[in-house]
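Structure first, then comments.
The values are calculated or read from the model by the stated rules, or taken from the named source; none is laboratory data. These figures come from a predicted structure and were not determined experimentally. Ideal geometry is used to build each Cβ from the backbone, glycine not excepted, and the neighbour counts take in all protein chains shown.
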Protein chains: 2
Amino acid sequence: MAVLSVNPSTGEIRPLDVEETTPAQVDEVCALAARAAADLAARPLTWRSEMLRSMASELETDGPQLVTVADQETALGRPRLEGELRRTCFQLRFFADVVADGMFLAASIDHAQDSPMGPLPDLRRVKTPLGVVGVFGSSNFPFAFSVPGGDTASALAAGCSVVVKAHPAHPATSAATFAALARGADLCGAPAGTVNLIFGLAAGTALVESPHVGAVGFTGSVSAGRALWQLANARPNPIPFYGELGAANPLVVTVGAARQRAEEIGKGFAGSMTLGAGQFCTKPGLLFVPTGGDGDSLVHALVGALGGLGGFTMLSEGIAEHFWSGVESIRSVSSVRPLVDGTPNDGTGASARLFEVGADDFVAGEATALREECFGPAALVVRYATNDELLRAILCAEKSLTFSVFAATDDPDAAWLVELGASRSGRVIADGYPTGVGVSWSMQHGGPWPATTASGSTSVGAASIERWLRPVTYQSMPDELLPDILREANPTGVPRRVDGAFSL
Amino acid sequence: MAVLSVNPSTGEIRPLDVEETTPAQVDEVCALAARAAADLAARPLTWRSEMLRSMASELETDGPQLVTVADQETALGRPRLEGELRRTCFQLRFFADVVADGMFLAASIDHAQDSPMGPLPDLRRVKTPLGVVGVFGSSNFPFAFSVPGGDTASALAAGCSVVVKAHPAHPATSAATFAALARGADLCGAPAGTVNLIFGLAAGTALVESPHVGAVGFTGSVSAGRALWQLANARPNPIPFYGELGAANPLVVTVGAARQRAEEIGKGFAGSMTLGAGQFCTKPGLLFVPTGGDGDSLVHALVGALGGLGGFTMLSEGIAEHFWSGVESIRSVSSVRPLVDGTPNDGTGASARLFEVGADDFVAGEATALREECFGPAALVVRYATNDELLRAILCAEKSLTFSVFAATDDPDAAWLVELGASRSGRVIADGYPTGVGVSWSMQHGGPWPATTASGSTSVGAASIERWLRPVTYQSMPDELLPDILREANPTGVPRRVDGAFSL
């Protein structure tokens, strides 16, 4: 079956010059990737960095054409896609730096010693790549969280080979970005099978089940992510599955902040919840606002700002349908009041939706539909009269990727809200919006279930490389049989912990 | 139902002055532990270290009595148990050092900056404790891998509270060691519920299912570990489950090593496979020996050494029964030859068992029973004629905790075997036996499935603390709302990465 590319703006369907990958073909691809992984793991860190930089350059070479293809498949617009491609190239080069830094290898040496347990042998520990990493890119970032995105970059940085399952909403973009990555790898003399691309639902299942695959990275919906997570766990040898799923991302406005900056926050929230047509996993979906005049002013400003926005084109008809059914679930809760609502749009069209509910009604059993992510330009305002009401409502919301707190200067409610947010999310934001996830050393993109399937991991930033590694200790090993980084002379220059003391 | 303590040497059964914990009681215990965890997480690292040292001191105070109780319940003998208690106290103090070191927190600060993605806000990342940790201790180490063992020590070091489910093979030892830990905590003013002890199978299930529990550590059998792992994954909010299960732990002797040191290796292997009656998860269960005269000499020495050993008392009748059924599975494979065998012992009695099979027969389908761990003093010798046969046989064995390679000086087979071992285990040992797992910075005790449920983790050594933590990033946070370690002035003194550069 030919792979189809759909233009969400025009509805035009174009068959690509590629077939869906059969499970038998997936097995061949993964076997080739496994041979590549064994080769890659043995190459020096400097080579690995060079390959990542080469891939970034090739993406830049194809930049204008890649943006055109992606815009046709996603309707995200050239400026946004140009920025996303810059971010994607930056990310590849950032991981080249992470590789060169080398501290992700956590190299540690304990020379033979006496201890209260008796004599201990020479022990040397380092992290080793997991082999072949399967990657499921997301629909909403056709570059930065798709074929050339963070999972691919971090897995290659870890020394793994990668098999990407193309997202059905942008197969032509997937093929075009893959071609640039593959060229970048070839230019550095990477082994065949370093990066690989497969198409189709059945191919994705086969990828998670392949005995050659050592770990999976996934960005996407809760339903698809959980199904694949269960598949990974049901293997004869289960493998790590890093699913970055959705979240409702609460944003709390204290009484003090509402008094100080009602209009500013209302307008800012409108911008954040509709950025990219609300198709961000960090979209703020729950806005906790105090009852009373200041809160009313905030909501008024928010409603006004949303009213001034035009319509959006969603990434695909399926995503638009899912959005409308989410909106309908919210609307159908009897205690919910519509603030910005109307008749649904057709096809891939959408416009902003806003609803309001009292904190006690949010807590009530009937309202579980209100707590889930609604992917798209919709949000729910939860009005609270007391801190007790606010606390109960927050504890009812699902744990999430982010948690934002808007507070006044010297606000007595700031500290407990920040502490609560840290216990319920992966990123706590003071006076800011959760959309926008920069690539950096200190970024965390991942939170407690159901935001991610593995709460200890991140899918953005330097630490995302840790997902693709496993520690190995070498005991009493002759120097010449050790990996370079564990040899006494340490030809890599990467910092190590030696006899308990870390030194640079 | 009263908890029963059984003496495996005499068969005497003694009811303890404690009842099995009901699921409702488990819920209360876990709720208390959750309140303790919130308190503990906020205490300074120096206090945490002090509590761990205090616990070690209290265990030492009770030392002679603890050893007596443990010997009555395990028949492991006073010298072994005295050594194990020393190790346990050393381990608590070691984690006090790990806490003081603080690098496990992975603190990282990126000040606000410009980037190709546009301006980035101030981002500060640190690891935060998961809350309540459930611990399932093992039967075979009543101190070091049980109530006061590595999971408890590392979880407390991470800032978590702990609920231990006592192992039914040593409930009195569990209660006695728990009393010392609780006293150590009290002396430091730890909150009620810092450490907790529950009894009974139903209590264990309730522990894994408790909404208050954030993670579980388990050391024990493959069957129990997998059942609890599935339970943890089936929760409405799945939690990390770190199961350290069994392994067959291959030990390979090259042609060169057999030529050089047949007798020495044969004798050494006999000691390692029968240490603690073979009741170690690192017991070498598979011995790959070349065919021919040198290999024959090695096997001859091994058989001789085993013949010179007396009988053993296993930890419990259940473990003895399981051992004999494992032996029967091996014996019943038609291609297997008995080398040391005889009539099974009664009750908790056991003696060493050794079998031999050709590499090709080991690979054959019928022989899957030969690849699993047989917990107790049994091992299987696999004879290989060529390196191809050896490779095929190793690839058929299950992945494991350890992989040992005995090679000659400048042995042409050393390098590929070490590399293969690193791809199939968590610890590769040159010319040594896998039994004996020292507590140190560079130890790795954990390997690919089925050896552990989470291949990226270790249950021994400094890195075992990482299992009980989750990263959180604070964005644009006012200094006074940050955890101490992320404040600009860093009152903790713990090293951090700042703007990408790590400094001490």
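Of the listed requirements (1) out of contact with any Leu (no Cβ under 8 Å at 6 or more places or on another chain); (2) part of a loop (DSSP other than H, G, I, E, B); (3) more than 23 Å from residue B:290 (Cβ to Cβ), residue B:401 misses just one: (2). Only a single criterion out of (1) at the interface with chain B (Cβ under 10 Å from one of its Cβ atoms); (2) over 16 Å from residue A:427 (Cβ atoms) is not satisfied by residue A:448, namely (2).
For residue B:423, the conditions (1) of a type in the set (Ser, Thr, Tyr); (2) part of a loop (DSSP other than H, G, I, E, B); (3) free of Cβ contacts under 8 Å to residues at least 12 places away in the same chain are fulfilled apart from (2). Here residue A:435 meets each of (1) among the hydroxyl-bearing types (Ser, Thr, Tyr); (2) part of a loop (DSSP other than H, G, I, E, B); (3) more than 8 Å from every other protein chain (Cβ to nearest Cβ); (4) buried (at least 24 other Cβ atoms within 10 Å of the Cβ) with one exception, condition (4).
Conditions (1) polar (S, T, N, Q); (2) not assigned by TED's automatic domain parsing to the domain that holds residue A:383, marked per residue:
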{"residue": "A:240", "(1), (2)": "no, yes"}
{"residue": "A:261", "(1), (2)": "no, no"}
{"residue": "A:272", "(1), (2)": "yes, no"}
{"residue": "A:285", "(1), (2)": "no, no"}
{"residue": "A:300", "(1), (2)": "no, no"}
{"residue": "A:308", "(1), (2)": "no, no"}
{"residue": "A:311", "(1), (2)": "no, no"}
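Being more than 18 Å from residue B:249 (Cβ to Cβ), in contact with a Phe, Trp or Tyr (Cβ under 7 Å, 6 or more places away or on another chain), surrounded by fewer than 24 Cβ atoms within 10 Å (Cβ to Cβ) and among the aliphatic types (A, V, I, L, M) is a property that residue B:336 has. Inside segment B:91-100, residues that are out of contact with any helix residue (DSSP H, G or I) (no Cβ under 7 Å at 6 or more places or on another chain) and surrounded by fewer than 19 Cβ atoms within 10 Å (Cβ to Cβ) make up a count of 1.
For segment B:1-49, a residue qualifies if it is within 30 Å of residue B:95 (Cα to Cα), of a type in the set (Lys, Arg) and not in a helix (DSSP H, G or I), and exactly one does: B:43. None of A:128, A:173 is under 12 Å from residue A:59 (Cα atoms), in contact with a Pro (Cβ under 8 Å, 6 or more places away or on another chain), among the β-branched types (Val, Ile, Thr) and in contact (Cβ under 8 Å) with a residue 40 or more places away in the chain except A:173.
Applying the criterion of being more than 20 Å from residue B:79 (Cα to Cα) and out of contact with any Leu (no Cβ under 9 Å at 6 or more places or on another chain) to the residues of segment B:136-178, the residue that is surrounded by the fewest Cβ atoms within 10 Å (Cβ to Cβ) is B:167.
Taking the conditions (1) within 11 Å of chain A (Cβ to nearest Cβ); (2) closer than 14 Å to residue B:254 by Cα; (3) touching a Phe, Trp or Tyr at 6+ places or on another chain (Cβ under 9 Å); (4) surrounded by fewer than 24 Cβ atoms within 10 Å (Cβ to Cβ) in turn, residue B:416 satisfies each one other than (3).
Determine whether segment A:288-295 contains at least one residue that is assigned by TED's automatic domain parsing to the domain that holds residue A:405 and within 20 Å of the chain's Cα centre (by Cα). No, there is no match, as no residue in segment A:288-295 is assigned by TED's automatic domain parsing to the domain that holds residue A:405 and within 20 Å of the chain's Cα centre (by Cα). A search for C-beta distances below 8 Å between a residue of segment A:295-314 that is of a type in the set (A, V, I, L, M) and any residue that is in a loop (DSSP other than H, G, I, E, B), counting only pairs 6+ apart in sequence or on different chains, returns A:306/A:352; A:309/A:351; A:309/A:352; A:314/A:8; A:314/A:75; A:314/A:279; A:314/A:348; A:314/A:376. Could you please give the count of residues in segment B:3-23 that are exposed (fewer than 13 other Cβ atoms within 10 Å of the Cβ), over 13 Å from residue B:169 (Cβ atoms) and not charged (D, E, K, R)? Number satisfying all stated conditions: 3. Looking across segment B:462-504 at every residue that is among the basic types (Lys, Arg) and more than 7 Å from every other protein chain (Cβ to nearest Cβ), the one that is surrounded by the fewest Cβ atoms within 10 Å (Cβ to Cβ) is identified as B:487. Scanning segment A:181-205 for residues that are part of a helix (DSSP H, G or I) and crowded, with 23+ Cβ neighbours inside 10 Å gives A:181, A:184, A:185, A:204. Comparison of B:227, B:257 shows that the only residue that is within 14 Å of chain A (Cβ to nearest Cβ), within 29 Å of residue B:407 (Cα to Cα) and assigned to a helix (DSSP H, G or I) is B:257. One residue stands out among those in segment B:87-137 that are within 23 Å of residue B:53 (Cα to Cα) and hydroxyl-bearing (Ser, Thr, Tyr): the one that is nearest to the other protein chains (Cβ to nearest Cβ), which is B:128.
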